[in-house]
Amino acid sequence: VVPSGQGCGDFASVAVRARARMLIGEQRAVSDLWEAARKRLPSAREDRPGQPVYAISAAPEPGGSGLRAATFADLELLVPACALAHEGELGIDPLRRDADGFRWRTRAQIDEGRSWLWEEDGVILFKAEAS
């Protein structure tokens, strides 16, 4: 859930019904929502106040890496790596919970141009996805 603006606590019941696993956004908005929903959501695993969030409007110039857009051919390499990142961030193994759904979402990120990787000899050196 990505709350923004004022009065975000008013959406606590929506966040609870959605079984939100992560609240990300402007610190005041997140705090407002969290305070209103905290008794009905699982305990926070981690709090990162002040963590920067970045946005760009144009792609940067390419650097000297092998970073490239992921393709369907990368799916088998990406699924386990994305699952490990998901589990590290949310504490839930998506392959145990819904392997087919997670595989579909990983493929959707690739198909929609929201997945990048730097891979050499079948080893991922870096990967990133846009949620």
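The values are calculated or read from the model by the stated rules, or taken from the named source; none is laboratory data. Bear in mind the structure is a predicted one, so any value in this text is a computation, not a measurement. Cβ atoms come from the backbone with ideal geometry, glycine included; neighbour counts cover every protein chain shown. With ligands, DNA and RNA removed, areas are computed over all heavy atoms of the protein, side chains included. Shrake-Rupley method; radii C 1.70, N 1.55, O 1.52, S 1.80 Å.
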### Message
If I ignore ligands, DNA and RNA and count only protein heavy atoms, how much of Val16 is accessible to a 1.4 Å probe, in Å² to the nearest 10?
### Response
40
## Note on the structure
Candidates Asp93, Asp111, Asp121; GNM for the chain (alpha-carbon contacts under 10 Å) flags as most fluctuating Asp121
### Task
Can you pull a Stokes-Einstein diffusion coefficient for the chain at 25 °C (0.890 mPa s), Rh from Kirkwood over Cα pairs, as a whole number of µm²/s?
146
### Task
Report the accessible area of Ile56, computed with a 1.4 Å probe over the heavy atoms of all protein chains in place, in Å² rounded to the nearest 10.
130
### Message
Using 10 Å bins from zero, what percent of all Cα-Cα pairs in the stretch 22-69 falls into each bin?
### Response
19, 36, 19, 20, 6
### Task
Counting only GluC sites (Glu not before Pro) that are in a DSSP loop and have at most 10 other C-beta atoms within 10 Å, tell me the longest site-free stretch of the chain.
47-111
### Message
At 1.4 Å probe radius, can you tell me the per residue accessible area of the chain in Å²?
### Response
73
### Message
Accessible area of the chain with a 1.4 Å probe: how many percent of it is carbon plus sulfur?
### Response
53
### Message
Contact order normalised by length for the chain, with contacts defined as Cα pairs under 8 Å and 6 or more residues apart; what percent is it?
### Response
19
### Query
Taking the stretch 17-54, which trypsin sites (Lys or Arg not before Pro) meet the DSSP loop condition and have no more than 12 other C-beta atoms within 10 Å?
Arg19, Arg45
### Task
Return the inverse of the average 1/r over all pairs of distinct C-alpha atoms in the stretch 38-108, which is the Kirkwood hydrodynamic radius, in Å to one decimal.
15.3
### Query
What does the charge add up to near Glu119, with Lys and Arg as +1, Asp and Glu as -1, over the other residues with Cβ less than 11 Å from its Cβ?
-1
### Query
Using a Förster distance of 22 Å, how high is the FRET efficiency between Ile92 and Lys39, based on the Cβ-Cβ distance and rounded to 0.05?
0.55
